[in-house]
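Read the figures in this text as sums done on the coordinates, not as results from a lab. What you see is a predicted model; the values in this text were computed from it and never measured. When we count neighbours, we look across all protein chains shown, and the Cβ atoms used for this are built from the backbone with ideal geometry, even at glycine.
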Amino acid sequence: MRTLKFLALDLRIATLREWPRGLVTFFLFVLAALALFRLPSLEGKVPFALSLGDYLVNAFAGMKEYVFDPRNPFDYPALWLLAFLLIAFFTLRHPYQDLMGSGKHIMLLSGNRFRWWAAKCAWVAITVLLYFAIGVIALLFWVSLTQGGLGLAVSSQMPGLLKFDTMLLVQPPWEILGFLFGLVSMTVAICLVQMLVTLYVKPVLGFVCTVSLLFLSAFFKNIFLLGNYLMAARSAVFIRDGLSWQAGLVVSLVLIAAVLFLGGFMFKRMDILDGGRLA
Amino acid sequence: MRNMIKTELGKATRNFWFLVALLVGCALALTSAINNVNVFEETLIGAAYLGEHKWWDMSSSSVFKYWIVTDFIQPATFLFFLLLPLLAVLPYAWSYGVEKKSGYALNVLARTSRKSYLFAKFLAVFISGGLVITIPIVLNFVFLACIMPARLPDIYGIIFFGINERSLFSSFFYTNPLVYCLLFIGLNFFFAGLWAMFTSALSFYLKNRVVVTIAPFLFLLFVKFLHDNVLLGILRTEITPFAFLRGTGTNYSADIAIVSLILLFLLGFTLVLAWQNRKKDIL
């Protein structure tokens, strides 16, 4: 019950009061949709009706595996990086600031640190879910504006348009629901790991770690670089030898449980009065 | 004024965050250098074979090809330039906001004028931001120069260097590469310093240190997204520091006029905000 009260307080302080973040998210996803809408004509291709699934794949496309080629220098996918760094930023500040402020007193009064920790984990998960929900609403708004399809079916032209590795393409139809499910779960896991890191090395350095992780994930295709699970262009849904979303889901659930329980255990022993060193 | 500048410079360059930013920058610069030494040694093996056939252009086995600014192979190089706007603001750009919030600024302003306080503050922010970026770049060059020869790049090796006539300062690269290096070190110093000042000026309005540090970086990423995805094909020049601070390895070349405009904008924006807030009550 106390955990729920903590969570309600977090939602009031760090979610409802920070409503402009929702507008930023909405704006970003609408711009991403606009970019895709213009892409076929800019690439000299025949325009086709874009569905919600197409727009979602575009927003989380990432990039195909990078193979060094002096004529084609590495260029990280800005939209993909921005979409995930934005939610990493939204979940960055509150837990640390709460711990440095009123959270410390609330914890002392409640007499239980784990409840505070569990509430923060739940807050991160809810914030991530809200972020994606606003993203989907923004895309739905765009789809209704442009009279596109509301389904999750992905057009056969999309992989070529988004420069996926078409040599390795799996036969359509591509079922993206599982991929999206894994993507949300992995984002929650990354944001939770960032929260744990943040309590030890301060928010800005925690954010630097997240930027580095996502960048290295774009550069190297590796199952240990978690950002790989966030890219449609490297998902087994679209390409052979891609990363399976089921594996990503399992990894993310293990990470979420580890941060909740192991992190909770570490947090219980943390010296919260002295900047966050382990006791 | 002199004491104020001395104090602020001391605070800016002798704090934990300056050290952290410098360590991260140097670690990336050294990682890039060490990996490039491996590439260089592999290239020498190839050169030893091809040299017999007189096909090998030795000028490409030069420190000027593997330097972090002209390198387009190492992930550490790309990560360094991606993190550059964050590293530049880490040392001291947050200080004005924090000192205003904590009341420290009030104590200083009771003893000195606002003008000298702000001048010293922004100068310290500029220098600390520039130093944390240029020290790793210079370190990378010195490390490589200890191992590789500094051969003059030959225009026939253009396919190895990736620096063509449209690239920034390219005429110096093939004629006087040391001047080219100095120009890029200067450009990186000025950008990093001005970016740190610009971010610091935002703390006239933004109160949170984390927001002041990270939000401008996200804005730059947003500009890159606009450039890459929305303005596709309209602007055929690099407009983000992730690209124009590097000699090569980018999709488009940088235009010196656009780069100068960006630097002027950063300086102008900072000066305007400082001017606007010169008499603002900080109580």
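Remarks
- Rounded D (µm²/s) - chain A, Kirkwood Rh over Cα pairs, Stokes-Einstein at 20 °C, 1.002 mPa s: 108 µm²/s
- A viscosity of 0.692 mPa s and a temperature of 37 °C, combined with the Kirkwood radius over C-alpha pairs in the Stokes-Einstein formula, give segment A:107-223 a diffusion coefficient of 186 µm²/s.
- Fewest-first sequence of B:Trp195, A:Trp245, B:Trp275 by Cβ atoms within 10 Å of each Cβ: B:Trp275, A:Trp245, B:Trp195
- Listed residue (B:Ala29, B:Thr13, B:Gly46) projecting farthest to the positive dipole end of segment B:1-110, Cβ model: B:Thr13
- Cross-link partners of A:Lys221 among lysines (Cα-Cα below 30 Å; sequence separation of 8 or more within a chain): A:Lys45, A:Lys64, A:Lys163, A:Lys202, B:Lys65, B:Lys224
- Long hydrophobic helices in chain A: the complete DSSP H runs spanning 30 Å or more by Cα along their own axis with mean Kyte-Doolittle hydropathy of at least 1.0 are A:20-42, A:113-146, A:177-201.
- When the Cα positions of B:Asn3, B:Leu84, B:Leu264 are compared along the charge dipole of segment B:2-276, B:Asn3 comes out farthest toward the positive end, with charges on each C-beta of Lys, Arg, Asp and Glu.
- For segment B:139-283, the spread of Cα positions along the three principal axes, ordered from largest to smallest, is 62, 38, 25 Å.
- For the protein assembly as shown, the alpha-carbon radius of gyration amounts to 1.02 times the rule-of-thumb value 2.2 N^0.38 Å expected for a compact globular protein.
- Order of A:Val208, B:Val98, A:Val184, B:Val142 under a 10 Å beta carbon neighbour criterion, fewest first: B:Val142, B:Val98, A:Val184, A:Val208
- Semi-axis lengths (Å, descending) of the ellipsoid that matches the C-alpha gyration tensor of segment B:2-276: 38, 20, 15
- Placing unit charges on the Cβ atoms of the charged side chains and taking the dipole of chain B about its Cα centre, the candidate lying farthest along the positive direction among B:Ser167, B:Ser61, B:Ser113 is B:Ser113.
- Ranked by the mean number of other Cβ atoms within 10 Å of their residues, highest first, the peptides A:16-22, B:166-172 come out as B:166-172, A:16-22.
- Shielding score for A:196-204, defined as the mean number of other chain Cβ atoms within 10 Å: 3
- Note on chain B: GNM, Cα springs under 10 Å; of B:Thr31, B:Thr43, B:Thr213, the largest mean-square fluctuation is that of B:Thr43.
- Likely footprinting exposure, B:His227, A:His105, fewest C-beta neighbours within 10 Å first: A:His105, B:His227
- Per-residue average of Cβ from other chains inside 10 Å of B:88-95: 1
- Those lysines that a straight Cα-Cα span of less than 19 Å connects to B:Lys100, excepting residues fewer than 8 apart in one chain: B:Lys11, B:Lys115, B:Lys121, B:Lys207, B:Lys279, B:Lys280
- Segment B:187-264 and segment B:121-172: distance between their alpha carbon centers, rounded to Å: 19 Å
- Anchor A:Lys5: lysines whose Cα lies under 22 Å away (excluding residues fewer than 8 positions away in-chain): A:Lys104, A:Lys120, A:Lys268
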